[in-house]
1. Among (1) in a helix (DSSP H, G or I); (2) modelled with pLDDT of 90 or more; (3) surrounded by 16 or more Cβ atoms within 10 Å (Cβ to Cβ), which single condition is V194 missing?
2. Checking the structure you have, find out if any residue of region 16-26 is in a helix (DSSP H, G or I), open to solvent by 70 Å² or more (accessible area, probe 1.4 Å) and without any contact (Cβ under 8 Å) to a residue 24 or more places away in the chain.
3. Filter region 83-136 down to the residues that are acidic (D, E) and either buried (at least 19 other Cβ atoms within 10 Å of the Cβ) or not in a loop (DSSP other than H, G, I, E, B) (or both) and list them by number.
4. Going residue by residue through region 177-192, is there one that turns out to be free of Cβ contacts under 8 Å to residues at least 40 places away in the same chain and among the charged types (D, E, K, R)?
5. Scan region 32-49 residue by residue and report those that are among the aliphatic types (A, V, I, L, M) and either in contact (Cβ under 8 Å) with a residue 24 or more places away in the chain or in a loop (DSSP other than H, G, I, E, B) (or both).
6. Please work out which one of (1) of a type in the set (A, V, I, L, M); (2) at pLDDT 95 or above; (3) under 29 Å from S133 (Cβ atoms) is the condition A13 fails and give its number.
7. Looking only at region 137-169, count how many residues are open to solvent by less than 70 Å² (accessible area, probe 1.4 Å) and free of Cβ contacts under 8 Å to residues at least 40 places away in the same chain.
8. Could we say that G57 is surrounded by 19 or more Cβ atoms within 10 Å (Cβ to Cβ), under 29 Å from F165 (Cα atoms) and not hydroxyl-bearing (S, T, Y) here?
Amino acid sequence: MADTASRHVLTEAIWPAEGAGLWAKRAVLVVAGILALTIAAKIKVPVWPSPVAISLGTFAVLTIGAAYGPRLGLVTMLGWLGLGAVGADVFQNSASGATGIAYMMGATGGYLVGYLLATLALGFAARRGLDRSVGGMALALLVGNALIYVPGLLWLNHLVGTGLFDPAKYASAWDQTIAWGLTPFLIGDALKLVLAALVVPGLWKLVGSARS
């Protein structure tokens, strides 16, 4: 059980380091992860009537969580969110309206919280070796995606209930929340999950082949 829980994650296997080199490696990975999250968030497709567009953000979050592990993944996510909180243009629509904390309290706020939870979930799953097979990675990704949606939908429902509800189009606040925050994203998320479930185990195979 202890051996299973202490397996290397992908970045540790690809780029082993010790001492000062280890800290330099971690710094580079955090910066690279923040850049990847920012770029992924900006690659978006609007899905009417939802105020939240489809982006590659979910793919980046889940992949970083699996490749970095729980601690380094969490540090990377907190760094990205911290930059966003002080007004840096790192989020999906942070250049087109509200910025900083005001943006984070908007429609995407709950999903941002979910990103933290999903990063930890994928990191712990990777520590147990689930990222080394397509089936294990797919299971971890499903859990991670659910952890993004739960706080995302709860917060969006709160916003709908405090002023955004349109009774002419929806029977209830939850109907509107699901129509805005879940239904438009299911197909896109399924495709992103399939891609991530193939990419990470595929990289592990490359690592194994390079060492054989």
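The values are calculated or read from the model by the stated rules, or taken from the named source; none is laboratory data. Source: prediction; values computed, not measured. Don't worry about glycine lacking a Cβ; one is built from the backbone with ideal geometry, like all the others, and counts go over all protein chains shown. Side chains included, ligands, DNA and RNA excluded: accessible areas come from the protein's heavy atoms. Shrake-Rupley method; radii C 1.70, N 1.55, O 1.52, S 1.80 Å.
1. Here V194 clears every test but (3).
2. Scanning region 16-26, I find at least one residue that is in a helix (DSSP H, G or I), open to solvent by 70 Å² or more (accessible area, probe 1.4 Å) and without any contact (Cβ under 8 Å) to a residue 24 or more places away in the chain, so the answer is yes.
3. D131
4. No, the conditions are met nowhere in region 177-192.
5. I34, A36, L37, A41, I43, V45, V47 - these are the residues of region 32-49 that are among the aliphatic types (A, V, I, L, M) and either in contact (Cβ under 8 Å) with a residue 24 or more places away in the chain or in a loop (DSSP other than H, G, I, E, B) (or both).
6. A13 satisfies every listed condition except (2).
7. 8
8. yes
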